[in-house]
Amino acid sequence: MTMRAKPDELRAVPQAEFTLRVNGREYPLRVDTRVTLLDALREQLGLTGTKKGCDQGTCGACTVHIEGKRVLSCLTLAAQCDGREITTIEGVGTEHDPHLLQEAFLRHDGFQCGYCTPGQIMSALGLLSEGRAGSPEEIREYMSGNICRCGAYENIVAAIREAAGDHDEAL
Ligand code: FES
Ligand code: FES
């Protein structure tokens with residue numbers, strides 16, 4: 001005899017319960033195990049600063065930090081982040097007290113439409129802490145995963161160069 005799944009069983013999807021720690025706050029969640037960190041941040045937590053571009057790991061718009069390392073949140077399952085410290089663009093500076101890198105982006109016009117900018121900033125922060133901002137060539141190499149469809153690359157590199165100088169002096 002063939003056992004047929006009931007319609008309810010067909011619809012059932014595995015759920016995971018865990019806690020996301022984002023920008024110093026804890027968010028208990030119960031979501032489909034297949035939900036990406038990107039979708040959890042935007043749709044469950046309402047943190048829409050992290051952008052969805054390609055949703056397949058090629059544009060960098062979704063870059064966040066996990067335990068201080070830059071990662072692509074569209075390629076990371078939310079459930080894998082249980083209890084790990086996540087930082088998004090909402091956790092970097094404020095409107096009235098921006099991070100020096102954000103100030104440098106403003107000074108150098110490091111954006112046009114701004115859609116890629118949160119990912120650029122998160123990736124550039126990673127670059128600074130990795131010590132990979134020693135020259136324009138190095139910045140281009142290690143920022144190459146962040147696409148800007150407006151083509152603001154020259155200004156982005158200039159902003160990171162400036163922030164790298166400030167960053168080195170601040171250490
Ligand atoms: Fe994640 Fe493009 S949305 S790399
Ligand atoms: Fe428009 Fe980069 S500023 S995509």
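In the condition set (1) at pLDDT 95 or above; (2) surrounded by fewer than 16 Cβ atoms within 10 Å (Cβ to Cβ); (3) not in a loop (DSSP other than H, G, I, E, B), Leu10 is compliant with all but (1). For Gln102, indicate whether it is open to solvent by 20 Å² or more (accessible area, probe 1.4 Å), modelled with pLDDT of 95 or more, more than 14 Å from Thr63 (Cβ to Cβ) and assigned to a helix (DSSP H, G or I). Considered against the rule, which asks whether it is open to solvent by 20 Å² or more (accessible area, probe 1.4 Å), modelled with pLDDT of 95 or more, more than 14 Å from Thr63 (Cβ to Cβ) and assigned to a helix (DSSP H, G or I), Gln102 comes out as yes. Taking (1) surrounded by fewer than 23 Cβ atoms within 10 Å (Cβ to Cβ); (2) within 12 Å of ligand 2 (Cβ to nearest atom); (3) under 13 Å from the mean Cα position of the chain (by Cα) in turn, Gly114 satisfies each apart from (3).
Kindly indicate the residue of region 24-81 that is buried (at least 18 other Cβ atoms within 10 Å of the Cβ), more than 16 Å from ligand 2 (Cβ to nearest atom) and small (Gly, Ala, Ser) and also farthest from the chain's Cα centre (by Cα) among those meeting that condition. Looking at residues that are buried (at least 18 other Cβ atoms within 10 Å of the Cβ), more than 16 Å from ligand 2 (Cβ to nearest atom) and small (Gly, Ala, Ser), I get Ala79.
With the condition kept exactly as written, say whether any residue in region 56-71 is free of Cβ contacts under 8 Å to residues at least 24 places away in the same chain and either in contact with a helix residue (DSSP H, G or I) (Cβ under 6 Å, 6 or more places away or on another chain) or away from ligand 1 (no atom under 16 Å from the Cβ) (or both). Looking through region 56-71, at least one residue is free of Cβ contacts under 8 Å to residues at least 24 places away in the same chain and either in contact with a helix residue (DSSP H, G or I) (Cβ under 6 Å, 6 or more places away or on another chain) or away from ligand 1 (no atom under 16 Å from the Cβ) (or both).
The values are calculated or read from the model by the stated rules, or taken from the named source; none is laboratory data. A quick note: this is a predicted structure, and the numbers were derived from the prediction, not measured. Methodologically, a virtual Cβ is constructed for each residue, glycine included, from the backbone with ideal geometry; neighbour enumeration extends over all protein chains shown. For the accessible areas, the whole protein counts, side chains as well, though only heavy atoms, and no ligand, DNA or RNA atoms are used. Shrake-Rupley method; radii C 1.70, N 1.55, O 1.52, S 1.80 Å.
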